[in-house]
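Participant: Before I ask anything, here is the structure I am working with.
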Amino acid sequence: MRVFVILPAAGIGTRMAAHGATAVAPKQFLEIGGVPVLVRSVQAFLAVPKIDTVCVAVRAQEKERLEAQMKEYKLGDRVKMVVGGDNRQESVGNALAALECADDDVVLVHDAVRPLIDPATIERTIEAVVKHGAAIVGLPAVDTIKQVERTADGAIIASTIPRERVVLAQTPQGARFGLLQRAFKEAEADGFSGTDEASVLERAGIEVAVVPGSARNFKITQPGDIELAEFYLSSGNR
């Protein structure tokens with residue numbers, strides 16, 4: 001059994017764009033503590049010896065930039081690159097098609113802009129996929145969760161969802177290659193677009209386990225998140 005990682009990094013960061021941040025670079029290429037976000041994410045997975053390959057999906061126009069960063073930071077030959085698609089699901093699908101995996105191999109998909117993922121969480125996710133077939137990282141809900149109905153004037157509460165029945169999905173998310181490939185092929189055939197890998201797996205009737213996550217494993221989506229990530233780094237919390 002081998003372990004592969006896919007980092008979809010072909011997004012343009014529309015929420016960053018609203019604040020003017022993408023005038024310099026997409027968010028995955030912005031720097032935290034002097035190191036690009038995407039490079040930090042790759043390094044986090046390379047720190048786990050059992051991972052065979054990290055496959056990064058980027059836009060065609062960003063290939064040269066990534067190749068230069070791979071050399072600059074000496075990421076090594078465990079890192080591969082594919083051209084991403086128009087959305088996350090297409091990017092992951094392109095990477096799945098490029099990987100030479102056996103059905104029992106483990107494939108993890110991680111948001112390229114969650115650079116503070118720690119090796120222990122990665123290893124727990126791998127173990128959960130081996131045991132259950134599919135797994136994601138998730139955080140328990142802290143706030144009260146309300147289900148609402150949208151109206152012309154805003155939203156009306158329809159019900160309160162018990163917090164113990166809710167988790168906030170993070171990444172990595174993964175499965176045995178055979179299961180993930182089947183789920184993606186079925187979604188493509190039916191024109192289904194999921195918001196994450198778990199939604200695609202769920203739709204295919206595949207049970208997905210949950211691994212405890214961390215508040216530090218947050219997704220960088222707006223300029224203030226860069227400052228928060230740098231705070232975690234400066235305080236010794238990777």
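Participant: Name the one entry in ALA187, ALA175, ALA198 that is modelled with pLDDT of 95 or more, touching an Asp or Glu at 6+ places or on another chain (Cβ under 8 Å), among the hydrophobic types (A, V, I, L, M, F, W, C) and open to solvent by less than 50 Å² (accessible area, probe 1.4 Å).
Facilitator: ALA175
Participant: A further question on this structure: Could you grab the pairs with beta carbons closer than 6 Å, sequence gap of 6+ or different chains, first residue in segment 200-211 and closer than 17 Å to PHE177 by Cβ, second one part of a loop (DSSP other than H, G, I, E, B)?
Facilitator: Close Cβ pairs (under 6 Å, with a partner that is part of a loop (DSSP other than H, G, I, E, B)) amount to VAL200/GLY194; LEU201/VAL208.
Residues are listed down the side, and each one gets a yes or a no for (1) assigned to a loop (DSSP other than H, G, I, E, B); (2) touching a Ser or Thr at 6+ places or on another chain (Cβ under 9 Å); (3) touching a residue at least 12 places away in the same chain (Cβ under 8 Å); (4) of a type in the set (Gly, Ala, Ser):
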| position | (1), (2), (3), (4) |
| --- | --- |
| ASP111 | yes, yes, yes, no |
| LEU116 | yes, yes, yes, no |
| PRO172 | no, yes, yes, no |
| ALA175 | no, no, yes, yes |
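Participant: Starting from residues that are modelled with pLDDT of 95 or more and of a type outside the set (A, V, I, L, M, F, W, C), keep the ones in segment 123-143 and report whichever is surrounded by the fewest Cβ atoms within 10 Å (Cβ to Cβ).
Facilitator: LYS131
Participant: Show the residue pairs that are 6+ apart or on different chains and have beta-carbon atoms under 7 Å apart, the first residue being within segment 38-60 and within 23 Å of ALA102 (Cβ to Cβ) and of a type outside the set (A, V, I, L, M), the second being at pLDDT 95 or above and assigned to a helix (DSSP H, G or I).
Facilitator: Note: pairs meeting the criteria are PHE45/ILE122; LYS50/ILE126; CYS55/ALA95; CYS55/ALA98.
Participant: Here's a follow-up. Only one of (1) outside any loop (DSSP other than H, G, I, E, B); (2) touching a residue at least 60 places away in the same chain (Cβ under 8 Å); (3) closer than 18 Å to PRO115 by Cα; (4) open to solvent by less than 40 Å² (accessible area, probe 1.4 Å) fails for ASP225. Which number is that?
Facilitator: (2)
The values are calculated or read from the model by the stated rules, or taken from the named source; none is laboratory data. Remember, predicted model here, so these are calculated numbers, not experimental data. Please note: Cβ atoms are built from the backbone with ideal geometry, for glycine as well, and neighbour counts cover all protein chains shown. In case anyone asks, the SASA skips ligands and DNA or RNA and just uses the protein heavy atoms, side chains included. Shrake-Rupley method; radii C 1.70, N 1.55, O 1.52, S 1.80 Å.
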